[in-house]
Structures are given as structure tokens and as C-alpha cells.
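Written below as C-alpha cells is the structure these notes are about.
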Amino acid sequence: MTHYFGAHTIDTGDIHMAARRAGAAGMRALQIFTTIPKFYGDKSSIKPERVERFRTALGETDIDPAQVVAHGAYVLNTATPDEEKSRRARDGLAKELERSTALGIGAICFHPGAATDDDREAAAARVAGAIVHALERVPTSGTRVLVENTAGAGRTFAKTAAEVGAILAHIPRALRARTGYGLDTCHLFASGYDLRASTGAVSRILDEFEEATGEVPGFFHLNDSEGELGSNKDRHVLLGDGRIGLEPFRALLADPRSRNIPLILETPQLVMNIAEDDPAPDPYDVQMMELLSELRP
């Protein structure tokens, strides 16, 4: 059983350079954007030469494609009752799965969006409908579609174990193995889950999500929180520099549910203006990798 540490590394020069920077930092997992995250990407395909460059770069690292996650576009609001926005979000998620399948990676993750009509049960069904649409559009994909818990700002959906479980409960049994969920530590803390409450707090929180969904997480995002407990602020900082502190991450790494899945840092980068052909790892990523090695049992 292994910890697969990685990060959402800078992709200046494209995603193959993100893979090389992760490999240079000693990472064994990776997160990428397959297209610009500020747009739906519902009409964006991926060129074969881009796929080949990425696969070649991965082959030069210790990163198994199964430990690579593509993060869906931020604008995909699959929980909305607005028909046009819902259609574009659904199609954007399907295109994300299509691109990620071409890359041959393990999973995509996405934020479910906001239940703007305040109907939480209907929102769960809409998010599940978007997942089913994607899975049916790319029926042979081995890439899983994973819901990410949210920080809970405004009407955003999937901030609790019950809401994540409600989404997955709407997935037909025949498709259920192709989907799941993952947890972001900053989002957990911001939405009111106190990872610091006691020595057993982290395991009890994971128990709650496992009971609500019937399964363990498919990934973790390892982020400290700039905001206070329950602030609903999605503000990531380096591990140990925020309100969560280091001990909950030590507890998480001691839990068997953190093994054999991508453990992705989405923490700040120090060098934002790196040259397109420079494969050097970010100093903050190197610092975080050293820290995680110290924190694990």
C-alpha cells in the first residue's frame, strides 16, 4: 500500500511540461487541466500530437497514468435548474471525459456547482444526470468521473457527506463503478468539518463519507485553509501555513483510505513565470513533498 503524492503543477508549455515538472519534484501523481478551466470546453477536443507528448512525458517519470486526475472546468454548474447552463455543463463534462479518456488517465474530478433554486434533492438528481450523460457518451472509458466536495459558499452543492451520497445514489447500478467522489481538505474545513477536533477526527469524518456513499474516496486534495472553520472560503495555502495545521494531515496519511489513490497538492506556486521548456519543479512543490514524506507513517 503506497502514498501517491502529486500536485496540480504549472502547465506553462502545456500538460506534458506539467508532467515533467511533477516528475522532477519526485511526484507519483499529477493533476491537470485538459482545457482552459474558465470556459465550458463543451466543444474542445484534444489533438493526437498533444496526447502523444503527454504520454511520452509521463513515461519519463514515475507517474502511473492511473494516478493522474483531470480537473473539470470551474464553470460547469451541473446542479443548476437553468436549462441552457445545465446543457452546457453536461456537455462540458462529457467532453472532459472524452479528452481524459484519450489521455488514458485514471479519473476526472469536478465541482458540482450551485443549487440556485435551493432544491437540494433536485440538484442531486441533476448532477447525477450530468455524470450519466458523460458516461453514456464515452461508454468504453476507463477514466472514472469523481464528484469533489465543495467549500459550501452560497448555494454550492455537495458540501456534506449526505449531499455527495445523494448524488451517487442517483447513478444507475450498471454505471456506478465508473463514478465516485474525492475530498478536498480545505473544502472540508471551510464547510464545517473540524479536522483538528481530536486525534480521531479525520477518521470519523472519512467514516461519515464512506457510510453516506458506500465507498472510500477516489482521491484527496491536500490543502491547508486560509479561512476559519465553517467560513465557506475556498482559499488554499501551503500545508502548515493555514488554520488546519499539520497534525490532521499526519492523521490522514495514517489512515488506510489515503493509500493507492492520488493525493494532490493544490497549494500555491512560487515561480509563476517559468519558461515553456523549463522542466524544473516549483520550490514550493519540492518543499511540500519533503514535508509529506515527514508526515507519513
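Rule-based calculations on the coordinates, nothing more; no lab input. Quick caveat: nothing in here was measured; it's all calculated off a predicted structure. Cβ atoms come from the backbone with ideal geometry, glycine included; neighbour counts cover every protein chain shown.
Check cross-link reach from LYS38 to the lysines: straight Cα distance under 21 Å, and skip same-chain residues fewer than eight apart.
Reachable lysines: LYS47, LYS85, LYS95, LYS233.
Most exposed first by the Cβ proxy, i.e. fewest other Cβ within 10 Å, how do TYR284, TYR193, TYR74 rank?
TYR74, TYR284, TYR193
Counting Lys and Arg as +1 and Asp and Glu as -1, each charge on the Cβ, what is the dipole of the range 4-295 about the Cα centre in debye, to the nearest 20?
Roughly 740 debye, rounded to the nearest 20.
Run the helix sum for the chain: -39,500 (n - 2.57) per DSSP H stretch of 4+ residues, divided by residue count, reported at 222 nm to the nearest 500 deg cm²/dmol.
-11500 deg cm²/dmol
Which helices, counted as full DSSP H runs in the chain, have an axial Cα extent of no less than 20 Å and a Kyte-Doolittle average of 0.0 or above?
Once both thresholds are applied, what remains is 120-137.
What residue among VAL147, ALA73, LEU168 has its Cα farthest toward the positive end of the dipole of the chain, where the charges are +1 on Lys, Arg and -1 on Asp, Glu, each on the Cβ?
Positive-most Cα among the choices belongs to LEU168.
DSSP beta bridges in the chain, what fraction antiparallel, as a percent rounded to 5?
10 percent
Please tell me the relative contact order of the range 4-295 in percent, rounded to the nearest whole number, where contacts are Cα pairs under 8 Å and at least six residues apart.
Reported relative contact order: 19 percent.
(i) 32, 20, 18; (ii) 26, 25, 17; (iii) 24, 24, 20: which one is semi-axes √(5λ) of the Cα gyration tensor in Å as calculated from this entry?
Of the listed options (i) 32, 20, 18; (ii) 26, 25, 17; (iii) 24, 24, 20, (ii) comes from this structure.
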